[in-house]
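Here the structure is laid out as structure tokens; the discussion comes afterwards.
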Amino acid sequence: MFRIGDFSRIARVSARLLRFYDELGLFRPAHAHPQTGYRSYTMAQLGELNRITVLKELGFSLEQIGEMLKSPPDAAELRNLLQLRRNDVERTLALEAQRLRNIDTRIAQIECEGTLSVDDVVERPEPAHRLLSLRRTVDSFAEARALIGVLREHSRALLPRSHGCPLVVIAHASQFEADELDAEFGYCVETVSPIAPPKSSPLQLRELPAVARMAVCVRVGLPEDAHLVTAKIGRFLAANGDALDGPSREAFLQAPDPQRMHESVVEMQFPVRRAEADR
């Protein structure tokens, strides 16, 4: 038997919380001294306390937990519930980490106001490409990146092994909406002879048209952190009296590593035309 203080140290649960659970009738001590009221617990009770802790972490109310303990879930059920909760926490952490990166890049953009150089933005013509591609509308950049794996899987039977074809992404939407990304991921395959995708394949083989004037600038990192680069391109366009002219592209200058996407080196490409055409 363990006094309440010792049991709290072993269970890593507050003694105050143990007293509260006792008052609620949710988790009673194995023995309470009739004169002093001192509570004592046994190691056999640790499993039940762990179940209460897990169910509370999963978001159940203490009243709901009390009902559930009348027919307690087994270890496998709890493990599955915890795994689902773990997945939710991982998604939340990823979103919060991205929010921090967005804040950092916005701070950097504010600090560079008035001094942001456009020396690394250049304009050039872009030739046509033959593209083996997959197009989807997704609700996050993370989901969009997952399409690289889908493209690789479906193109494996259509391209030579170790084909080395450059990866390009086309952003088809005329407006930026981070939760509604119309993205096309494709390999430029003009240097190889791909097999035409079967009708059952989600891939298509098409021509990506040439662009007479393309403003380009290299970005290192994720597209979520591209504010500085797009701001540079915007300044470049404004200084030259130009406007955007169609879907932008992102050309990977090296094959992306799914585990190190934050180190990707990408050329951001924006078709441009004279702004006077808008008048």
Name the residue that is modelled with the lowest pLDDT, counting only residues in the range 60-94 that are loosely packed, with under 10 Cβ neighbours inside 10 Å and in a loop (DSSP other than H, G, I, E, B). ASP74
Determine, yes or no, whether ARG136 is open to solvent by 80 Å² or more (accessible area, probe 1.4 Å) and in a strand (DSSP E or B). yes
State whether the residues of the range 58-68 include one that is closer than 19 Å to PHE2 by Cα, in contact with a Lys or Arg (Cβ under 9 Å, 6 or more places away or on another chain) and among the aliphatic types (A, V, I, L, M). no
Only unsatisfied item for CYS188, checking (1) under 19 Å from VAL265 (Cβ atoms); (2) open to solvent by 30 Å² or more (accessible area, probe 1.4 Å); (3) modelled with pLDDT of 95 or more; (4) not aromatic (Phe, Trp, Tyr), is (2)
Suppose we keep only residues that are farther than 14 Å from LEU69 by Cβ and open to solvent by 20 Å² or more (accessible area, probe 1.4 Å) within the range 41-54. Which one would you say is farthest from the chain's Cα centre (by Cα)? THR42
Filter result for the condition that a residue is among the small types (Gly, Ala, Ser), assigned to a helix (DSSP H, G or I), out of contact with any strand residue (DSSP E or B) (no Cβ under 9 Å at 6 or more places or on another chain) and more than 24 Å from LEU18 (Cα to Cα), over ALA97, ALA44: ALA97
So how many residues does the range 140-164 have that are open to solvent by 50 Å² or more (accessible area, probe 1.4 Å) and either without any contact (Cβ under 8 Å) to a residue 60 or more places away in the chain or in a loop (DSSP other than H, G, I, E, B) (or both)? 13
Are there strands (runs of 3 or more DSSP E) fully within the range 165-279 with at least 2 residues that are over 24 Å from the mean Cα position of the chain (by Cα) and closer than 20 Å to GLU153 by Cβ? List them. 204-208
Within the range 1-40, which residues are part of a helix (DSSP H, G or I) and either touching a His at 6+ places or on another chain (Cβ under 9 Å) or free of Cβ contacts under 8 Å to residues at least 12 places away in the same chain (or both)? GLY5, ASP6, SER8, ARG9, ALA15, ARG16, LEU17, PHE20, GLU23
State which residue is farthest from PHE176 (Cα to Cα) when the search covers only the range 227-272 and only residues that are surrounded by fewer than 16 Cβ atoms within 10 Å (Cβ to Cβ) and among the basic types (Lys, Arg). ARG260
Output for the range 100-119, where each listed residue is assigned to a loop (DSSP other than H, G, I, E, B) and modelled with pLDDT under 80: CYS112, GLU113, GLY114, THR115, LEU116
Taking the range 191-226 and keeping residues surrounded by 16 or more Cβ atoms within 10 Å (Cβ to Cβ), of a type in the set (A, V, I, L, M, F, W, C) and within 16 Å of ILE170 (Cβ to Cβ) leaves LEU203, LEU205, LEU208, VAL211, MET214, ALA215, VAL216, ALA226
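The values are calculated or read from the model by the stated rules, or taken from the named source; none is laboratory data. Please read all numbers here as calculations on a predicted model, not as lab measurements. We place every Cβ from the backbone using ideal geometry, glycine too, and count neighbours over all the protein chains shown. Accessible surface is based on the protein model in full, side chains and every heavy atom, while ligands, DNA and RNA are left aside. Shrake-Rupley method; radii C 1.70, N 1.55, O 1.52, S 1.80 Å.
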